[in-house]
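Undergrad: Would you mind keeping the following structure in view while I ask a few things?
Please treat every number below as a calculation from the coordinates, not as lab data. The model shown is predicted, which means the values in this text are computed figures rather than measured ones.
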């Protein structure tokens, strides 16, 4: 909750005067009316990449997938991985 409080006060969840309904309004309402558990439920609902959510996003051409190539990024910054290094699943 510390990061959330910081974002509400200084970051992307703060309410800026003179603007329409914002994410900060919604999150503040949930916190004040339902408590921290409601925030967890909200984020689980909208941020968890369930098969149903990804299918709905894909159906509306709103799903963006990008390969991360983490092994090559690590090697680029830190040198070759050891022979027995953990490999990310494909």
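Undergrad: Can you tell me which of 51, 36, 67 moves the most in a GNM of the chain? Springs connect C-alpha atoms under 10 Å apart.
TA: Judging by the Gaussian network model, the answer is 67.
Undergrad: Regarding segment 29-76, what is the average projected area of its C-alpha convex hull, in nm²?
TA: Working: hull surface 22.3 nm².
Averaged projected area of segment 29-76's Cα convex hull equals 5.6 nm².
Undergrad: Among 29, 42, 21, determine the one that fluctuates most according to a GNM of the chain built with springs between C-alpha atoms less than 10 Å apart.
TA: With Cα springs under 10 Å in the chain, the top fluctuation among 29, 42, 21 is at 21.
Undergrad: Here's another thing I want to ask about it. Relative contact order (percent) for the chain, with alpha-carbon contacts under 8 angstrom and 6 or more residues of separation? Provide the component values of the computation, followed by the final result.
TA: Details: 29 pairs, mean separation 9.7, N = 90.
That works out to 11 percent.
Undergrad: Quick one: among 55, 38, 73, which has the greatest mean-square fluctuation in a GNM of the chain with alpha-carbon springs under 10 angstrom?
TA: Of the options given, 73 has the highest mean-square fluctuation.
Undergrad: Based solely on C-alpha atoms, express the radius of gyration and the Dmax of the chain in angstrom.
TA: Spelled out, the Cα radius of gyration and Dmax of the chain are 19.2, 57 Å.
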